[in-house]
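Dropping the structure in here first, questions after.
The values are calculated or read from the model by the stated rules, or taken from the named source; none is laboratory data. Small disclaimer: the values here were computed from a predicted structure and weren't measured. So basically every Cβ, Gly included, is an ideal-geometry build from the backbone, and we count neighbours across all protein chains shown. Remember, those area values only see protein heavy atoms, side chains included, never the ligands or the DNA or RNA. Shrake-Rupley method; radii C 1.70, N 1.55, O 1.52, S 1.80 Å.
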Amino acid sequence: MRVITGTARGRRLESPEGMEVRPTSEKVKEAVFSMIQFELPGARFLDLFAGSGQMGIEALSREASGAVFVDAASASIAVVRENLARTGLSDRAQVVMLDAKTYLSAAADSFDLAFVDPPYAESDLTGLLGLLLPHMRPQGAVLVETDGRTALPESVGGWTIGRQKRYGRTLITCYRKGETA
């Protein structure tokens with residue numbers, strides 16, 4: 001796993017050991033960032049269920065102004081911090097060890113872009129999106145990575161699916177405010 005482009009281009013990233021973390025594949029990561037490439041400079045980015053932090057690190061490398069990394073696992077938090085130090089991007093990052101719903105219920109932050117990669121067994125994606133969307137700026141985008149068999153709501157709180165793309169067994173869904181597919 002490596003940073004694709006930007007200031008940290010080519011830097012190798014670590015991933016937590018074990019089966020708890022499922023890193024986003026290089027192909028999917030490239031596709032996600034091609035969807036939002038022109039929105040990244042100056043953006044505030046949320047990496048929810050951060051795992052290794054590779055998505056937020058890629059956003060920072062591509063000139064996002066800041067990123068918040070949220071994960072409930074201490075092993076993931078340690079790897080995110082290590083990867084931020086390795087890439088020299090720690091100064092624009094905030095790392096939070098909380099489960100996603102607790103963070104979203106308590107946070108006052110707002111974001112332009114969010115990447116949500118919950119465990120594929122996560123059953124309440126609608127509830128999670130309902131907690132996330134008030135933290136999103138109206139012109140923003142929420143990208144959700146799920147198993148291709150997971151059914152996502154067409155719309156949540158005025159945000160609708162603007163684009164969906166399948167990569168093997170992985171489905172990327174992009175929500176935007178008031179957009180229709």
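State, as an integer percentage, the relative contact order of segment 1-129 based on alpha-carbon contacts under 8 Å between residues 6 or more apart.
Relative contact order for segment 1-129 comes out at 26 percent.
With every atom except the alpha carbons ignored, what do you get for Rg and Dmax of segment 1-80, in angstroms?
11.9, 35
Can I ask one more? If you average the alpha carbon positions of segment 84-111 and of segment 1-62, how far apart do those two centres end up, in angstrom?
Using only Cα atoms, the two centres lie 14 Å from each other.
Pick out, in residue order, every one of the GluC sites (Glu not before Pro) in segment 13-97 that is DSSP loop and has at most 14 other C-beta atoms within 10 Å; say none if there are none.
Answer in residue order: E17, E20, E63.
Right, next: Probe radius 1.4 Å, ligands and nucleic acids ignored: give me the carbon and sulfur share of the accessible area of the chain as a rounded percent.
Of all accessible area on the chain, carbon and sulfur atoms account for 50 percent.
Right, here's the next one. Might you report the magnitude of the Cβ-based charge dipole of the chain about its Cα centre, with Lys and Arg at +1 and Asp and Glu at -1, to the nearest 20 debye? Don't skip to the end; give the middle numbers.
Working: 21 positive and 22 negative charges, 105 e Å.
So the dipole magnitude of the chain works out to roughly 500 debye.
Moving to a separate point now. Please work out the average accessible area per residue across segment 29-181, using the 1.4 Å probe convention, and give it in Å².
41 Å²
Follow-up question, since we're still on this one. Among the GluC sites (Glu not before Pro) in segment 83-181, which ones are in a DSSP loop with at most 15 other Cβ atoms within 10 Å of the Cβ? Mind listing them?
Numbers: sites: E122, E145, E154, E179; in loops: E122, E154, E179.
Taking segment 83-181 and a limit of 15 other Cβ atoms within 10 Å, the loop GluC sites (Glu not before Pro) found are E154, E179.
P(r) of segment 111-166 in 5 Å steps, Cα pairs, percent per bin?
4, 18, 34, 28, 13, 3
So, one more: Before anything else, pin down the relative contact order of segment 84-170: Cα pairs under 8 Å, at least 6 apart, normalised by residue count, whole percent.
29 percent
Can you compute the FRET efficiency between L152 and E30 using 1/(1 + (r/R0)^6), with r the Cβ-Cβ distance and R0 = 22 Å? Round to the nearest 0.05. Write down the numbers at each step before the final one.
On the way: r = 22 Å, r/R0 = 0.99.
With a Förster radius of 22 Å, E is 0.50.
Please say if segment 40-137 is rounded, prolate or oblate, where rounded means a/c under 1.5 for a ≥ b ≥ c the square roots of the C-alpha gyration tensor eigenvalues, and otherwise the choice is prolate for a/b larger than b/c and oblate otherwise?
Oblate shape, in that a/c is at least 1.5 and b/c is the bigger or equal ratio.
Let me ask you something else. On average over all directions, what projected area in square nanometres does the chain have, based on the convex hull of its Cα atoms?
Seen from a random direction, the Cα hull of the chain projects 9.0 nm² on average.
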